[in-house]
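S.K.: Below are the structure tokens for one structure; questions will follow.
The values are calculated or read from the model by the stated rules, or taken from the named source; none is laboratory data. What you see is a predicted model, and the numbers here were worked out from it, not measured in a lab. Positions of Cβ are generated from backbone atoms using ideal geometry, with glycine treated the same way; all protein chains shown enter the neighbour counts.
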Amino acid sequence: MKRAAAEGRLHMKKTARTANIKRKTRETDIDLTLALDGAGTSEVRTGIGFFDHMLTGFSRHGFFDLTLRADGDLEVDGHHTVEDTGIVLGQAIREALGDKAGIRRYGSAILPMDDALCLCAVDLCGRPYFVFDCEFPAERVGDLETELVREFFYAVSYSAGMNLHIKMFHGDNTHHMIEAMFKAFGRALDGAAAFDERIAGVLSTKGAL
């Protein structure tokens, strides 16, 4: 029995956990590929430079391979591009996780970046819930409206079926605050999606996630 369980966990680790999601609407056209068990490589193009930088940091610090092309109606503003990218990334996370057998389920990170200190906690429970406790000093960083950061993480949480909490303990520089968030999210998600050889099936008393 123990040998069968061990072999099952070994098989899970060898299975590629990847997803490719394409989503096209009248407002955006997005093509995203995500590999959970990657090396942190990325190729990101959304048309919003600072957003690209943040997604690259998420990929690098979570050790996810990410390829993303997003064409949106930036002549209006960045809202649809950022929100829809969050929707698609959440869908990719959910698909790549599969049945979630053997994963730790919970992950968290407290990440400092100069003046900024951010907490991110994740539960890959299948039930969406989102808490965002942060106020940014600036309304814009580069070409990204800072109010869209919340919209992005909200969209990820609900399309992934993820319980996601983000809290900024303190920060003075908005760039540092947002970058700490994306890096902390990458590390927390990496921890939650990681396998634990002690777990047979899913980590739930209900027997399902």
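S.K.: Scanning the range 58-95 for residues that are among the acidic types (Asp, Glu) and touching a strand residue (DSSP E or B) at 6+ places or on another chain (Cβ under 8 Å), which turns out surrounded by the most Cβ atoms within 10 Å (Cβ to Cβ)?
M.R.: Our first condition is that a residue be among the acidic types (Asp, Glu); within the range 58-95, this holds for 65, 71, 73, 75, 77, 83-84, 95.
With the extra rule that they be touching a strand residue (DSSP E or B) at 6+ places or on another chain (Cβ under 8 Å), the set shrinks to 65, 71, 73, 77, 84, 95.
Numbers: Asp65: 18, Asp71: 15, Asp73: 15, Asp77: 12, Asp84: 24, Glu95: 15.
The extreme case among them is Asp84.
S.K.: Something else about it: Do we find that Asp114 is on the phi > 0 side of the Ramachandran plot and surrounded by fewer than 20 Cβ atoms within 10 Å (Cβ to Cβ) in this structure?
M.R.: In short, yes.
S.K.: Taking into account only those residues within the range 117-161 that are hydroxyl-bearing (Ser, Thr, Tyr) and crowded, with 18+ Cβ neighbours inside 10 Å, which is nearest to Phe51 (Cα to Cα)?
M.R.: For the range 117-161, the residue satisfying everything is Thr146.
S.K.: Return the pairs, sorted by first residue and then second, in which the second residue is in a loop (DSSP other than H, G, I, E, B) and modelled with pLDDT of 95 or more, the first residue lies in the range 181-201 and is under 20 Å from Gly98 (Cβ atoms) and among the acidic types (Asp, Glu), the beta carbons are less than 7 Å apart, and the residues are 6+ apart or on different chains.
M.R.: If the second residue must be in a loop (DSSP other than H, G, I, E, B) and modelled with pLDDT of 95 or more, the pairs left are Asp190/Phe63; Asp196/Gly102; Asp196/Arg104.
S.K.: Residues in the range 10-67 that are more than 16 Å from the chain's Cα centre (by Cα), outside any loop (DSSP other than H, G, I, E, B) and among the small types (Gly, Ala, Ser): how many?
M.R.: 1
S.K.: Let me ask something else about it. So Ala109 ticks every box in (1) closer than 30 Å to Glu197 by Cα; (2) assigned to a loop (DSSP other than H, G, I, E, B) but one. Which box is left unticked?
M.R.: Of everything listed in (1) closer than 30 Å to Glu197 by Cα; (2) assigned to a loop (DSSP other than H, G, I, E, B), Ala109 misses just condition (2).
S.K.: Which pairs turn up if I take residues in the range 142-167 that are without any contact (Cβ under 8 Å) to a residue 60 or more places away in the chain and look for partners that are of a type in the set (S, T, N, Q) and crowded, with 22+ Cβ neighbours inside 10 Å with beta carbon separation below 9 Å, at least 6 apart in sequence or on another chain?
M.R.: Asn163/Ser157; Leu164/Ser157
S.K.: Residues of the range 189-200 being more than 28 Å from Leu55 (Cβ to Cβ) and exposed (fewer than 15 other Cβ atoms within 10 Å of the Cβ), which ones?
M.R.: Glu197, Arg198
S.K.: Can you work out which of the residues in the range 167-178 that are surrounded by 23 or more Cβ atoms within 10 Å (Cβ to Cβ) and not in a loop (DSSP other than H, G, I, E, B) is nearest to the chain's Cα centre (by Cα)?
M.R.: If we take residues in the range 167-178 being surrounded by 23 or more Cβ atoms within 10 Å (Cβ to Cβ) and not in a loop (DSSP other than H, G, I, E, B), then Ile178 is nearest to the chain's Cα centre (by Cα).
S.K.: Quick test for you: out of Val131, Val122, pick the one residue that is under 30 Å from Asp73 (Cβ atoms), among the β-branched types (Val, Ile, Thr), within 15 Å of the chain's Cα centre (by Cα) and outside any loop (DSSP other than H, G, I, E, B). Give the steps one after another, and end with the answer.
M.R.: Values: Val122 fails: under 30 Å from Asp73 (Cβ atoms).
Testing whether each residue is under 30 Å from Asp73 (Cβ atoms), among the β-branched types (Val, Ile, Thr), within 15 Å of the chain's Cα centre (by Cα) and outside any loop (DSSP other than H, G, I, E, B) leaves just Val131.
S.K.: Can you go through Val149, Val141 and tell me which one is touching a Ser or Thr at 6+ places or on another chain (Cβ under 6 Å), under 20 Å from Asp115 (Cα atoms) and β-branched (Val, Ile, Thr)?
M.R.: Val141
S.K.: Please find, within the range 74-98, the residue that is farthest from Asn163 (Cα to Cα) out of those that are out of contact with any helix residue (DSSP H, G or I) (no Cβ under 9 Å at 6 or more places or on another chain) and in a loop (DSSP other than H, G, I, E, B).
M.R.: Glu75
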